[in-house]
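What follows draws every value from the coordinates through simple rules; no lab data is involved. Since we're looking at a predicted model, the values are computed, not measured. Glycine also receives a Cβ, built like all others from the backbone with ideal geometry; neighbour counts cover every protein chain displayed.
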């Protein structure tokens, strides 16, 4: 990076502003990344990171501000213009045609003289890049059949084959396991060392410390700092991101009681019929958080869906202390018996974006008659209860209970789910990746609620692919691999030991 | 999908898509005004109403232009569409007579659409209902004072039965209901022809209609013009529909089924039951509309009593945003169009397809007005 200071920045954005429908997503943000560096763009959800990068890639045009590429002022009015300037982006939600093979996807992005010749040329280029980076990607299978990590490699290859010198990756590690993420980030390091510019959009502080040469921090649409991450401590970085330090202390359970939830010999199949949960057995005691760690796809999703009551088990039982086997009852009965569930996929099982905040809140109690009779729905009661929950759970951005939920940010939407699920004190809680995609502050608030429920005597089953989250919250940690619990650790669990159990059985 | 990131499309008033020419965009003297299209997060009620009204006005202008081009003068149009309907009791009665079954059909479509079930088989269900009602009438089932009630119930049952197949196929096997309900229209129509050319052929005239209903089998006159009890029946059904959708718990469950059935299932709400009940209700209402036409207007089962109604029902539900009270208003407007269309045919030799064209134009314009509710246009310097 010694030459970096002599050359103009590879990508420089000065005083960029952008508004959507009156909402100021970017206000006078400035950003500069040099060739040869891994530059992290750090910030909470909604801080404007993705918007800024979408300006760089030409998806948005700024209301004001200047973009310079290698020192020249440019107007990037679309992804094609960005491509001509050698800027490529790997979006958070991959832009792949699932029925196409990797090669066809890359060909689609790059174009070629003809299908056959183009495919051969692309294949040669792809193999060159794969060899240089040590990538293994099945090139001739539909990408829909590839794992998430493999799909991401296809996206990276696509950008590289296009000849990008400036690579933007939006939240690249959000869906990867620790090991996959490390591999991917090391690859990025190598690409930067070859003279490319790698911009890493992330909200994970650890990644920034470990892999970035430089970090730009965004908060509320502004760029608030740009520095060498080594010169900042983790807590200084956190302060820059959230404005105030956040508590990350472990808080062990004050009192663990007797067994509350007993899952015995539970097996279940995935939607395509493959048995991915096989003979899972565990107990969760009252006043305890039992954290399930594991590499994604080892049966965690099916365990959560069976527990919620949206998927039928093949065999086994889920016994809740005092009421018997939950599998005998449907989702509604389980909830009446004191089970609360925070699903991983908020847009599928958690909320309905098109409905109002009050309707999303009331959906949990309407059948039990808490909001009027079958003849007359009591909207006033719904609104009152919602307003109380909004203030009790510190949900921001709710101007009225009639406002649509899709207008809430991820963190506030998740708080609404928690508020609904905890509307009555639960006896057992399923929390599946409860802080996925949330910023530090919102994650802290959700964690606080889980601890409070535990301290009130609930049994909490936490399933998360974020090892940090599991270690931080759990009173006991179980490692799930190939559909069963293969190891258990008492808190405080050793990170390396848990990690080893996750990987060795996989 | 709660994808909240506002996407923006850019309509550029310049045409350069090449990489930026050298000059600094910030330099003076190079102002480029562009029209930017942005997704609107929230549209206030007055704006929605204004956009809708704007679409309606543009549609009416297009329709008027079309009819003027076909040789009807503007003053004649105003006479046929507005003056005669508002001043002549006969015309008003004719419009209201049309509006009654139209609104019931609109409600049938609206209730199915409210649970994301695209019922395009309304005509088939109308025929199913009318056949069931006619069967009761021809067989002289039940005591005479209850005959009409029995016919109405039979019609509801017939319509619901005609819906049962598509809804079960969709809920159990995921079969697309647009295909199944559409195709069952043809089955129903040919079944109707079979009955009218066969066992139910009118023995007196030997025409392919059923025999005339006797007076206890006809909807009674209201005593003003030729209006029958079909109209109060429609009004009562609209009020009931409004209660069901807006006030009842079932309406809440329908909204969840429309917005995100998976959320409902995870919360233990009976989503399958809600869709089943709503679709059967939709079929039953279509059946009742068939009954209202047969027993209220035609006084017999005819071949073509349902022709064109299915499309109009979808149109009415769409224009009324699936709101039962608005359905009543829109059904009145479509009834006006029907009646005025008839006199255009008779007095101006305008083909009946022109009336359908006018309907389609208005629907297209109103549908397009939705763009301004969802998006915001803004000039950027």
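DSSP assigns beta bridges within the protein assembly as shown; of those with both partners inside it, close to 60 percent run antiparallel. By definition, a body whose alpha carbon gyration tensor gives a ≥ b ≥ c is oblate when a/c is 1.5 or more and a/b is not larger than b/c, and the range A:423-484 fits this oblate description. Here the range A:11-242 carries DSSP beta bridges of which approximately 50% are antiparallel, counting only pairs with both residues inside. Across peptide A:334-340, the average count of Cβ atoms from other chains found within 10 Å of a residue's Cβ is 1. Among B:221, A:140, the order by Cβ neighbours within 10 angstrom, fewest to most, reads A:140, B:221. Under the definition of Cα pairs under 8 Å and six or more residues apart, what whole-number percent is the relative contact order of chain B? With pairs under 8 Å counted, the relative contact order is 33 percent. Most tightly packed first, judged by the mean number of other beta-carbon atoms within 10 Å of their residues, the peptides B:167-178, B:113-124, A:30-41, A:309-320 read B:113-124, A:30-41, A:309-320, B:167-178.
Going from the fewest other Cβ atoms within 10 Å to the most, the residues A:258, A:484, A:18 appear in the order A:258, A:484, A:18. Peptide packing: for B:84-90, A:265-271, A:413-419, the average count of neighbouring Cβ atoms within 10 Å per residue gives the ranking A:413-419, A:265-271, B:84-90, highest mean first. Compared with the dominant Cα axis of chain B, that is its longest principal axis, helix B:249-259 is turned about 50°.
The modelled label-to-label distance between residue B:190 and residue A:147, using points 7 Å beyond Cα along the C-beta direction, is 5.4 nm. For the range B:71-349, the square roots of the Cα gyration tensor eigenvalues, ordered a ≥ b ≥ c, give a/c of at least 1.5 with a/b no greater than b/c, which places it in the oblate category. The distance separating the Cα centre of the range A:448-506 from that of the range B:41-61 comes to 54 Å. To the nearest 10 degrees, how steeply does helix A:148-161 sit against the main Cα axis of chain A, on a 0 to 90 scale? Tilt relative to chain A: about 10 degrees.
Comparing B:229, B:309, B:197 in a Gaussian network model of chain B (Cα springs below 10 Å), the most mobile by mean-square fluctuation is B:197.
Sorting the segments B:148-155, B:311-318 by their mean number of nearby beta carbons within 10 angstrom, highest to lowest, gives B:311-318, B:148-155.
Seen from a random direction on average, the alpha-carbon convex hull of the protein assembly as shown projects onto 44.3 square nanometres. Apply the a/c threshold of 1.5 to the C-alpha gyration tensor of the range A:117-227 and tell me whether it is rounded, prolate or oblate. In terms of gyration-tensor shape, prolate. The mean number of Cβ atoms from other chains found within 10 Å of a Cβ in peptide A:12-20 is 2, as a whole number. What residue among B:334, B:82, B:288 has the largest mean-square fluctuation in a Gaussian network model of chain B, using Cα springs under 10 Å? For chain B, modelled as a Gaussian network with Cα springs under 10 Å, the answer is B:82.
Counting only alpha carbon atoms, the long axis of helix B:45-69 and the longest principal axis of chain B meet at about 70°.
Across peptide A:359-368, the mean count of Cβ atoms from other chains lying within 10 Å of each residue's own Cβ comes to 4.
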